[in-house]
Each structure stands twice: as C-alpha cells, then as structure tokens.
Amino acid sequence: MELITKAPKGTVDIVPGVSEKWQAMEAVFQSEAELNGFREIRTPVFEHTELFLRSVGDTTDVVEKQMYTFEDKGGRSVTLRPEGTAGAVRAMLENGLYNAGYPVKLYYTTSCYRYEKPQAGRLRELHQFGVEMFGAAEPAADAQVIAMALSAFRRLGLEDVGLQLNSIGCPQCRKEYHKALKEYFTARKDQLCETCLSRLERNPMRILDCKSPVCSEIAKGAPKITDYLCEDCRAHFKQVQGYLTELGVEYELDPGLVRGLDYYTRTVFEFPSKSLGFALGGGGRYDGLVEEMGGKPTPGLGFGLGLDRILMALEAQKAEFPEPTRCEVYIASMGEAALKKALALTDALHKCGVPADCDLCARGLKAQMKYADKICARYTMVLGDNELQAGKADLKHMKTGQTKKISIGEGFVDDYLTASTAQEDLSF
C-alpha cells in the first residue's frame, strides 16, 4: 500500500499552489517564442528507440545509461523521450511542415525522462521548454534564438543568468580535432573511467562531457576545438558573436563547452545560473541531424531549458508570481431547492467569466461559510426558503462584512456586476 501512495523516485507532483507558478513561468516562454514567430508543437511521449540512437548518439550518457527503453506488447522497442529535438525533427519530416517555407519555427513545453540519480535540479521526469528552427543556416538565426531565451529570463526577473558560448565546428573540422583528442587521452588512458575508455575509440569528444571528477580534471588540459575550426566555421562563429554584440547580449567564450548530445555542430551554448551554480539549459546548431534522420540536408538549431531548475532559481531569489485565480462569489445553500438555485446562479456567473462556487458536499451552513473563508472568496451569498420566495439575497463582502441586497432572478448577473464593480474600495 505504501508504494501506491508515493510518487516514483525522481518524480514530483505539481500541486495547486505550485502549478500556478508553472503556468506563469511557461506563459512567459511561450509568449517570447510567439513574439519571434515560433508556433507550438506537441509530440508523443514515446518514440521508436532507433530515433534516439541515430540522433542523440550511442556514445552519450543519455543513450548509454539514462534512456527508459522497453518492448511494447507488439515486440517493438520504444523509448520515453529523453529530450525534445529528435521528436520535433521526426514530426517536421513526417508532417511536411517544411512545405510552408523556411524557416520552420517550433516550440514545445514537454516532459522528458532520464534514468539518473535524482538530485537538486535533476529529476528522472524533467520538464523542458524548447524551441527548434529548421532551414536557417545564417549566424543571425543563432543570435536570435539565444537572445530570445535571455529575453525570457529577463522577463521572469532572472538577472544572474549568463551565456557561455563555443563552436564545436563541423564534421570536417572535427576529424583533425578527434585525432588530437585521441592522442591526448590515450596518453592518460590509465586514469580514465571505464565509460571514457570505451569512448576513446568511438568518440573522444564525449570524454570532455564526462561527469567523473578525475576525467573532468584531465579534460581541462585537452586540446581546444576552437584551435581546429575550419575557415567557414571560424567565420560563422565570429559572425554569431558580432550579432550578439549588436543585440547587446553579453557572453563568455568557453572552449571546453561541447554539450551532451552528438547531433550538435558549430554553435553551442549554455545559460548558467550564477546563484545556483549550474546551467538552466542550453542548445546549439545541429545542421546534419535532419539528413541523418532521412530528410534533405537542412540546417537546424534550438535549445532546451529545464523548467524544474528555472523554478528553483525563481524561488531562490524570492520572485513574485501572479496571484492564483480566487473565488469571487461563494453561494451557500440550505435545502434542495436552494441548491438548485445556487447551481444555476453559479453557472450564470461562469458564463460571464466570474469565478464562483457553491456547496457540493451537503454541508451545513456554518461549514459552508468556513469553506468560503478557506478559499478566500471575495463575496458570499446565502440562499434559503426566504431568499427564494423574495427573489433577492444579501451579497456579503467577506473582508468588510457589509452587505447589499441583489436580485437572484433574471437580473442577477447585472445586479452582481453593478454591485461589485462599483465597490472597488471594498465597501458598499
């Protein structure tokens, strides 16, 4: 019984009182994306496993250690999405979204699943806001995507979020870079963890992203990708920096930044929180991913932001959130006839956009009024036989205790709106 009354390890419930914070946070990111021409996409929570093996990369921690993969009842291997980009690429291709012209701009608010040790800001069910742009190869696109994320952080009031920037070049650049890395790490392979030893031959760049303290320390002295960029990649990166400067975006160059997924090319970036000590998200270019997944060669870029972490940052700095919607009118009732009337009046208020409620638990009048107080109802009304017979009831302001008699007949909504709107000083 204990198991079924506790959420699985690495997951959390987002309950009333907290969910409103999520809604406010998500609304800012969605608004910022739409200002920049992005439109929402929603993809399945699970995909064919091969999708992630081909896109994310079989030498990444995500694929090697973290994916929730299982066979369905038809014997097909499926995986709960560990990130949002692969599904967005698949959906773009399957639904022909490119037919509307480039760039294709998409955003999503989604849950992702990674089996790892739960800790602060790192859950097994994590929540992301992400954007993807397809068909734009210009450095200006990189700058727009980065600036859009930073603008949303500022709108939320997160002033201590920075920008770390790097270029990891193209496949052509990385051939020589991989040789240099392999030579460097081979000379130190006796100190590498078992996972990094397996990556040494297949993809030595993944060693740079290892979380082992020993491997991380060794990686600090490794050759830097920026010393191996080809002319085109070097020019692209220089232009990205120029556009960011034009937009007033401050950044820090980090030649060791590679990101944790294999599909990235050229520009990569992260948004570190100085107060929390870890990144709130990041992204970059993936110019070869669409082709790798069966489409025509199409440049792409995007980012994923950890909403769980962003909420931690907001709460750490005691950010103010909008007040949740409160009940404006609670209609208490005594007797069956009064309850029917209360339901009808509540429905009439709902149709006019007024939050209202009435008793649904067969409580006595005293208990109903206690409940009205708990939900912070601004006004209350009590309906009984006398009110039904007279066609009027007292609208009581809960803060001042003052009352005003209003119609509960056809003119009810108009009477209520007149009485409440005219009393902005909270008194009758």
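The values are calculated or read from the model by the stated rules, or taken from the named source; none is laboratory data. Everything numeric here is computed off the predicted structure, so don't read it as measured data. Heads up, the Cβs are rebuilt from the backbone with ideal geometry, glycines too, and the neighbour counts pull from every protein chain shown.
Before moving on, here are some points about what is shown:
- Yes/no for residue 285 being assigned by TED's automatic domain parsing to the domain that holds residue 139, of a type in the set (D, E, K, R) and modelled with pLDDT under 95: no
- For region 109-125, the criterion of being basic (Lys, Arg) and outside any loop (DSSP other than H, G, I, E, B) is met by at least one residue.
- Taking residues in region 389-411 that are at positive phi and in contact (Cβ under 8 Å) with a residue 12 or more places away in the chain, and partners anywhere that are part of a strand (DSSP E or B) and buried (at least 16 other Cβ atoms within 10 Å of the Cβ), not one pair has Cβ atoms closer than 6 Å while being at least 6 places apart or on different chains.
- For region 26-62, a residue qualifies if it is closer than 21 Å to residue 119 by Cβ and either part of a helix (DSSP H, G or I) or not assigned by TED's automatic domain parsing to the domain that holds residue 134 (or both), and the qualifying residues are 61, 62.
Residue-by-condition table, conditions (1) under 19 Å from the mean Cα position of the chain (by Cα); (2) assigned by TED's automatic domain parsing to the domain that holds residue 33; (3) over 16 Å from residue 51 (Cβ atoms):
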| residue | (1), (2), (3) |
| --- | --- |
| 76 | no, yes, no |
| 81 | yes, yes, no |
| 84 | yes, yes, no |
| 92 | no, yes, no |
| 95 | no, yes, no |
| 98 | no, yes, yes |
| 109 | yes, yes, yes |
| 112 | yes, yes, no |
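- Residue match in region 78-96 (condition: touching a strand residue (DSSP E or B) at 6+ places or on another chain (Cβ under 8 Å), assigned to a loop (DSSP other than H, G, I, E, B) and without any contact (Cβ under 8 Å) to a residue 60 or more places away in the chain): yes
- Extreme residue, modelled with the lowest pLDDT, among residues of region 295-335 that are hydroxyl-bearing (Ser, Thr, Tyr) and either within 14 Å of the chain's Cα centre (by Cα) or farther than 30 Å from residue 95 by Cβ (or both): 325
- Cβ-Cβ distances below 8 Å connect the following pairs, each with a first residue in region 128-148 that is in the same structural domain as residue 283 (by TED's automatic domain parsing), a second residue that is acidic (Asp, Glu), and a separation of six or more residues or different chains: 128/83; 129/26; 137/287; 143/246; 148/32.
- Taking the criterion of being aromatic (Phe, Trp, Tyr) and touching an Asp or Glu at 6+ places or on another chain (Cβ under 8 Å), the residues of region 77-116 that qualify are 107, 108, 113.
- Where strands (runs of 3 or more DSSP E) sit wholly within region 353-428, those with at least 1 residues that are over 38 Å from the mean Cα position of the chain (by Cα), surrounded by 11 or more Cβ atoms within 10 Å (Cβ to Cβ) and among the acidic types (Asp, Glu) occupy 392-397.
- Assessment of region 305-327 against the conditions (within 17 Å of residue 165 (Cβ to Cβ), in contact (Cβ under 8 Å) with a residue 24 or more places away in the chain and crowded, with 22+ Cβ neighbours inside 10 Å) yields at least one matching residue.
- Yes/no for residue 171 being buried (at least 21 other Cβ atoms within 10 Å of the Cβ), in contact (Cβ under 8 Å) with a residue 12 or more places away in the chain, out of contact with any Ser or Thr (no Cβ under 7 Å at 6 or more places or on another chain) and not polar (S, T, N, Q): no
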